[in-house]
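Undergrad: Okay, handing you the structure first.
The values are calculated or read from the model by the stated rules, or taken from the named source; none is laboratory data. These numbers come from a predicted model, not from an experiment. No Cβ is skipped: glycine too gets one built from the backbone with ideal geometry, and neighbour counts run over all protein chains shown. For accessibility, only protein heavy atoms count, side chains too; no ligands or nucleic acids. Shrake-Rupley method; radii C 1.70, N 1.55, O 1.52, S 1.80 Å.
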Amino acid sequence: MKRTTVARSEPGAAAPDAPPWAAGVAGLATRYAEVNGARLRYVVAGSGASLVLLHTLRTQLDMFQKVIPTLATRFRVWALDHPGHGHSEAPDADYSADFFVASAARFLDRMEIEDAIIVGESIGGTIALVLAARHHPRVRGVVAVNPYDYGRGRGLRRSSALANVVFGVSEIPVVGDVMRWVHPYPVVKRIFEGGVFRPDAFPPALLRELYTAGGEPARLRAFLRLIRHWPSWERARAEYAGIDRPVLLLYGDHDWSREEEREADRRSIPGARMRVIERAGHFLALDAPEALARAIVEFAETR
């Protein structure tokens, strides 16, 4: 397949503020675009073959802040906030797996991105795999990082004893609503930190940003709906057998997924390769950014 070098301006209105970590990324622009009726934030940087980064649930594109500077020296990189996440709008929707897949597909079309490698972490990995399974014409390959498609979508409860309690209660009507609206920072911080293996992997400023942005009422409502559609992420696995393009499955050795769940994905995706990164958890882009960037570059070069 060809590799596309982009030399035009992408659609979208410029955003007034770039994230602090972007200061060292030459040419990085922060923008907003209308996608399926919602205003989504995204960043774009670099030149070369197209690379799209899709983040995890309840986070935002800033989860890739440690890898974007490196990747932008080799690729034209896009990263977006999913609807109901980060600084994107939270439309009135069901927030099921299909909703997120449709939104990502429309983003690729809206940006006119061609021949792209999609790198997704957690639900982003599952979104990328479903895009490939549905033969999206703008996708040429997928790097799925710790895809979130197991445990009927409740894998987050494995991150810590605290997360198991909080998200278990969140599934109880009424009580769950109250628990999600009352979310003290120490609790949110502890749950997020359950996604990394290395204690210093999570930038403190990012933790505060995730807490503030995710705590906005409309985004809390969106997250509640996502929780109620957790089983839809595991159902997405049924489509993987239809994937007809290159796939790399990349796992942290301390990811929440179990060995048999990883093997099930590898077996279900024709021709998929799998690698495990040592001393890394679910948020691989924070825990092992150098290893992740290196794996992406190698995948692009060999495919």
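Undergrad: Give me the residue from the range 45-92 that is in a loop (DSSP other than H, G, I, E, B), under 18 Å from Val25 (Cβ atoms) and of a type in the set (Lys, Arg) and, out of that set, least open to solvent (accessible area, probe 1.4 Å).
TA: Of the residues in the range 45-92, the ones in a loop (DSSP other than H, G, I, E, B) are 46-48, 55-60, 65-67, 72-74, 81-92.
With under 18 Å from Val25 (Cβ atoms) added as a condition, the list becomes 46-48, 55, 60, 65-67, 72-74, 81, 86-87.
Among the residues that remain, those that are also of a type in the set (Lys, Arg) are: 66, 74.
Details: Lys66: 73, Arg74: 117 Å².
If we take residues in the range 45-92 being in a loop (DSSP other than H, G, I, E, B), under 18 Å from Val25 (Cβ atoms) and of a type in the set (Lys, Arg), then Lys66 is least open to solvent (accessible area, probe 1.4 Å).
Undergrad: State all residues of the range 108-152 that are in contact (Cβ under 8 Å) with a residue 60 or more places away in the chain, surrounded by fewer than 21 Cβ atoms within 10 Å (Cβ to Cβ) and part of a helix (DSSP H, G or I); if no residue qualifies, say none.
TA: The answer is Arg110, Gly151, Arg152.
Undergrad: So in the range 25-39, with the set limited to residues that are in contact with a helix residue (DSSP H, G or I) (Cβ under 6 Å, 6 or more places away or on another chain) and under 25 Å from Ala102 (Cβ atoms), which one is surrounded by the most Cβ atoms within 10 Å (Cβ to Cβ)? Write out each step before concluding.
TA: Restricting attention to the range 25-39, the residues satisfying the condition of being in contact with a helix residue (DSSP H, G or I) (Cβ under 6 Å, 6 or more places away or on another chain) are 25, 28, 33, 35-36.
When the remaining residues are screened for being under 25 Å from Ala102 (Cβ atoms), the result is 33, 35-36.
Details: Ala33: 19, Val35: 25, Asn36: 15.
Out of the qualifying residues, it is Val35.
Undergrad: Within the set of pairs 6 or more residues apart or between chains, which connect a residue that is closer than 18 Å to Glu121 by Cα inside the range 212-240 to a residue that is open to solvent by 50 Å² or more (accessible area, probe 1.4 Å) and not in a helix (DSSP H, G or I) with Cβ atoms less than 6 Å apart?
TA: Going by the 6 Å Cβ cut-off, the qualifying pairs are Trp230/Arg154.
Undergrad: If you check Tyr95, Tyr42, which single one turns out to be in a loop (DSSP other than H, G, I, E, B) and open to solvent by less than 10 Å² (accessible area, probe 1.4 Å)?
TA: On the way: Tyr42 fails: in a loop (DSSP other than H, G, I, E, B).
Sole residue among the options that is in a loop (DSSP other than H, G, I, E, B) and open to solvent by less than 10 Å² (accessible area, probe 1.4 Å): Tyr95.
Undergrad: Looking at (1) out of contact with any strand residue (DSSP E or B) (no Cβ under 6 Å at 6 or more places or on another chain); (2) open to solvent by 30 Å² or more (accessible area, probe 1.4 Å), find the lone condition where Asp253 falls short.
TA: Among (1) out of contact with any strand residue (DSSP E or B) (no Cβ under 6 Å at 6 or more places or on another chain); (2) open to solvent by 30 Å² or more (accessible area, probe 1.4 Å), the lone unmet condition for Asp253 is (1).
Undergrad: Just to verify a result, which residue in the range 173-200, among those that are among the acidic types (Asp, Glu) and at pLDDT 80 or above, is least open to solvent (accessible area, probe 1.4 Å)?
TA: First pass over the range 173-200, keeping only residues among the acidic types (Asp, Glu): 177, 193, 200.
Pick out the ones that are also at pLDDT 80 or above and you get 193, 200.
Values: Glu193: 62, Asp200: 129 Å².
Per the criteria, the residue is Glu193.
Undergrad: Ok, one more. Keeping to the range 201-242, report how many residues are open to solvent by 60 Å² or more (accessible area, probe 1.4 Å), more than 17 Å from Pro184 (Cβ to Cβ) and basic (Lys, Arg).
TA: Of the residues in the range 201-242, 4 are open to solvent by 60 Å² or more (accessible area, probe 1.4 Å), more than 17 Å from Pro184 (Cβ to Cβ) and basic (Lys, Arg).
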